[in-house]
1. What would the Debye formula give as log10 I(q)/I(0) at q = 0.14 Å⁻¹ for the alpha-carbon point model of region 98-208, no solvent?
2. Quick check: residue separation of Val32 and Gln198 times 0.36 nm, minus the Cα distance between them. What number comes out in nm?
3. List the equivalent ellipsoid semi-axes of the chain in whole Å, largest first, each obtained as the square root of 5λ for an eigenvalue λ of the Cα gyration tensor.
4. Show me the ranking of peptides 24-31, 96-103, 53-60 by mean Cβ neighbours inside 10 Å, starting with the highest.
5. Given N residues in region 1-99, what is Rg(Cα) / (2.2 N^0.38 Å)?
6. Evaluate 2.2 N^0.38 Å with N set to the residue count of region 158-208, then give the Cα radius of gyration divided by it.
7. Taking the alpha carbon gyration tensor of region 59-156, what are the square roots of 5 times its eigenvalues, largest first, to the nearest whole Å?
8. In whole Hz, what ³J(HN,Hα) sequence does region 187-203 give by Karplus (6.51, -1.76, 1.60; θ = phi - 60°), x for Gly and Pro?
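What follows draws every value from the coordinates through simple rules; no lab data is involved. Predicted, not measured: the structure shown is a model, and the values here were computed from it. Note: ideal-geometry Cβ built from the backbone for every residue, glycine included; neighbour counts use all protein chains shown.
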Amino acid sequence: MTIRDTAEEWEIRATETPFKGNKTSVRTDEVVMPDGSVVRRDYQVHPGSVAVLALDEEDRVLVIRQYRHPVRQRLWEIPAGLLDVPGENPLHAAQRELYEEAHVKAEDWRVLTDVYTTPGGCDEAVRIFLARGLTEAEGERFEAEHEETELEIARVPVSELVRGVLAGELHNNCLVVGVLSLVAARQADGLDALRPAQAPWPARPFES
């Protein structure tokens, strides 16, 4: 048996959008169950995101520290952001986020992994890239606003991040998944065997 996720869609009898925000919305679907019953399912509709695990030559990961109001914590994270335009190339979005949040560019890009963050209540899909060959970006720094004005930037050894994840000290989804995927990829076929940066992404199709 092959263990892999597969596309499937159950019948929807009715749908409505009781809330629509600036970037996301809430949808309510009436879904037909296998036994014929109809149940209501509320979930957040999300445009999708990208994240970047930027790894330097000293085996350190570029991380940022940012206040996250919903959880009332200042979290260590990897650079990440929304797919602002439907159909946007995720690689271009990832390159933009790395530049805007850290003023860094990278020569080598690979797909590290693709995840659904909370599939029971949100349709957000995230593509996490591995970026290597880091250098300082040219030009002026991106003008930050809101929570981003308080960003802290650091480069932390992979081993220290793994320790923090397993100790329950680091909680950001993309950081946790990205760091552990990096370690797993090294133990498998190596980082150069990862998917190319333009690999298809059925969850958020795009034009190259």
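1. Once normalised to I(0) and log-transformed, intensities are -0.74.
2. On the way: separation 166, 0.36 × 166 = 59.76 nm, distance 3.62 nm.
Full extension from Val32 to Gln198 adds 56.1 nm.
3. Details: eigenvalues 198, 86, 61 Å².
So the equivalent ellipsoid measures 31, 21, 17 Å along its semi-axes.
4. Highest-to-lowest ranking by the protection proxy: 96-103, 53-60, 24-31.
5. Compared with the compact-globule rule of thumb, region 1-99 sits at 1.49.
6. Relative to the 2.2 N^0.38 Å estimate, region 158-208 comes out at 1.40.
7. 21, 19, 14
8. Going residue by residue, I get 7, 8, 9, x, 5, 6, 8, 5, 4, x, 4, 9, 4, x, 9, x, 5 Hz, with x marking Gly and Pro.
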